[in-house]
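Notes follow the structure.
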């Protein structure tokens, strides 16, 4: 069957006149002396095909749909303003995120988010969009947990295939550093981009793509990380006017607003997008400069593309070394940047160590002696006066070529909240060797054991004699809170040897209940309380944790809860059937109570050393919030810091009596 024409022929006098006019025009065109000669006609355009069709100028590598946000105006500037071919690659379809516009969840949400993304990229002028088809499983701050789920080598193989097929001049990606608030999937996407930059030109990496798929090796010319990491910084303006009278920031705002399921609808008026966007050049075949204003500076290049040396060389010494051993994720990151030749990009990276306030913490020092003679000296720790330090065996001797780990102890004062600087010193006759790190104190409390289990219902008040712990409106993990009436809380914890009981009193002057009974997920969208428990204490990721988000009231006035981003996700009726919850409105907010069996948490009380624990209060003050809308304004926590919900190392600790 032939397709119906868009404008079907309609007989009548107007139609006959049109036919007559067209016939005359054709006859005149064919008349001698009137017909245009081939010499005056522009040559026909030869359509691109094969490798030429795929050739890209800029490739962006991201983890989820909407991750292009931080560089969307830059992509619009090149794609819409200069006709540059841009291709974006996404590790996942974002199916693990929230949904603020409907009930799609999991793979169905991935379908929706892909559609939103393609609408966004079409407005940005991005020509190609590809996916590496990995799972967006939940929010984590661990790249190791991410690769454990994805399979690093196979994911890298898929990305290298795209680099070899699209042959981008420039690759732009995210920041791979393990900093607080940095999604583990974002870290992983950046790690993959950096490694693909080096693997794509290497014929020994994934050789089947060369022998079986008809691809060739390809050395991309430049690699940029988003943000200012030091070294050569490219600054791209976003307010320059493009064709059509719109700036690249205007185009980006309209494009990003397509991510409606992620509550990006308000991006149209965002002033943040109008700020200049910065990129750090970390690998390049053209010379490094101090500053630049064009990602394509110096391109294209002819002949062999050889990588240039970076502008900042890491400081190396041949003498004895002293360093403070960091948390595992940081240790892996520091080893990785050295392996990739990116020490210059990590020069401004400032890690910290979590330490528990009020108790002794072990801190490890690594001493190395690359020399040819024995090394001897005395170790010291320098910290603020109220922080207790203990270097029991401070005299040490290290043979030539030796390396030793020394454990020292430091005790922050009870109630310590501010990060402090600690300096390790090895005193030698030849002079001092020092190493510095920041210590991040996390709170600790003792959970009393009771003989009689309290009621979580509000028919009696057996909690009055139990100690309470406060969460101030200034204990911010995200956003801002006006004062104590806007968002603050106090809580009590007790246990009976089998169950952990919680009573959380929240002050909230605008209580919003906009979550429907069939949409009990994504507790960060509304007023809620998140309870985080790590059975081991100090875990790098939440895969073995118990995390529950409790809505005090759904749209029908009932308390509901769901586990999120932990060992077993979903509504508590299914994932934690032994957990009991209750809620009650109060004159200045609401109260939530919960009874959580240790068996569901994964804690054996007599063997538990120091489980991790945190309470996070989510507040949104939009009185006219739509059903399911994300209204999250602030997050306060007992142990606050950016991204803390996905970083158990930075949760507080509890001791069970």
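Before moving on, here are some points about what is shown:
- Criterion violated by residue 354 - all others in (1) in contact with a helix residue (DSSP H, G or I) (Cβ under 6 Å, 6 or more places away or on another chain); (2) under 26 Å from residue 639 (Cα atoms); (3) assigned to a loop (DSSP other than H, G, I, E, B) satisfied: (3)
- The one condition in (1) touching a residue at least 12 places away in the same chain (Cβ under 8 Å); (2) on the phi < 0 side of the Ramachandran plot that residue 250 fails to fulfil: (1)
- Residue check, residue 541 assigned by TED's automatic domain parsing to the domain that holds residue 624, in a loop (DSSP other than H, G, I, E, B) and closer than 24 Å to residue 640 by Cβ: yes
Quick grid of which residues meet (1) modelled with pLDDT of 95 or more; (2) over 19 Å from residue 544 (Cβ atoms); (3) over 30 Å from the mean Cα position of the chain (by Cα); (4) surrounded by fewer than 16 Cβ atoms within 10 Å (Cβ to Cβ):
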| residue | (1), (2), (3), (4) |
| --- | --- |
| 560 | yes, yes, no, no |
| 565 | no, no, no, no |
| 573 | yes, yes, no, yes |
| 614 | yes, no, no, no |
| 618 | yes, yes, no, no |
| 638 | yes, yes, no, no |
| 641 | yes, yes, no, no |
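- Set side by side, the residues 127, 123, 113 differ, and just one is over 17 Å from residue 167 (Cα atoms), surrounded by fewer than 24 Cβ atoms within 10 Å (Cβ to Cβ), touching a residue at least 24 places away in the same chain (Cβ under 8 Å) and assigned by TED's automatic domain parsing to the domain that holds residue 167, which is 123.
- Flag for residue 33 being exposed (fewer than 15 other Cβ atoms within 10 Å of the Cβ), at pLDDT 95 or above and over 30 Å from residue 137 (Cβ atoms): no
- Some residue of the range 85-94 being surrounded by fewer than 22 Cβ atoms within 10 Å (Cβ to Cβ), in the same structural domain as residue 252 (by TED's automatic domain parsing) and either within 26 Å of residue 631 (Cα to Cα) or in contact with a strand residue (DSSP E or B) (Cβ under 7 Å, 6 or more places away or on another chain) (or both): no
- Looking at the range 95-172, the helices (runs of 4 or more DSSP H) lying wholly inside it that each contain 2 or more residues that are under 30 Å from residue 514 (Cβ atoms) and more than 18 Å from the chain's Cα centre (by Cα) sit at 107-124.
- Residues that are out of contact with any helix residue (DSSP H, G or I) (no Cβ under 6 Å at 6 or more places or on another chain) and either at pLDDT 95 or above or outside any loop (DSSP other than H, G, I, E, B) (or both) within the range 262-274 comprise 262, 265, 266, 269, 271, 272, listed in sequence order.
- Of the set (1) closer than 17 Å to residue 326 by Cα; (2) surrounded by fewer than 13 Cβ atoms within 10 Å (Cβ to Cβ), all apply to residue 352 but (2).
- Restricting attention to the range 575-612 and to residues that are free of Cβ contacts under 8 Å to residues at least 40 places away in the same chain and over 22 Å from residue 497 (Cα atoms), the residue that is farthest from the chain's Cα centre (by Cα) turns out to be 587.
- Residue match in the range 351-358 (condition: under 30 Å from residue 232 (Cβ atoms) and touching a residue at least 24 places away in the same chain (Cβ under 8 Å)): yes
- Criterion violated by residue 386 - all others in (1) over 30 Å from residue 187 (Cβ atoms); (2) at pLDDT below 90 satisfied: (2)
- Filtered by the rule that a residue be in contact with a strand residue (DSSP E or B) (Cβ under 9 Å, 6 or more places away or on another chain), in contact (Cβ under 8 Å) with a residue 60 or more places away in the chain, under 15 Å from residue 561 (Cβ atoms) and part of a loop (DSSP other than H, G, I, E, B), the range 499-531 gives 515, 521, 522, 526, 527.
- Summed over the range 275-292, the residues that are out of contact with any helix residue (DSSP H, G or I) (no Cβ under 7 Å at 6 or more places or on another chain) and surrounded by 12 or more Cβ atoms within 10 Å (Cβ to Cβ) give a count of 11.
The values are calculated or read from the model by the stated rules, or taken from the named source; none is laboratory data. Quick caveat, the model's predicted, so the values are computed rather than measured. Counting neighbours? That spans all protein chains shown, and the Cβs are built from the backbone with ideal geometry, glycine included.
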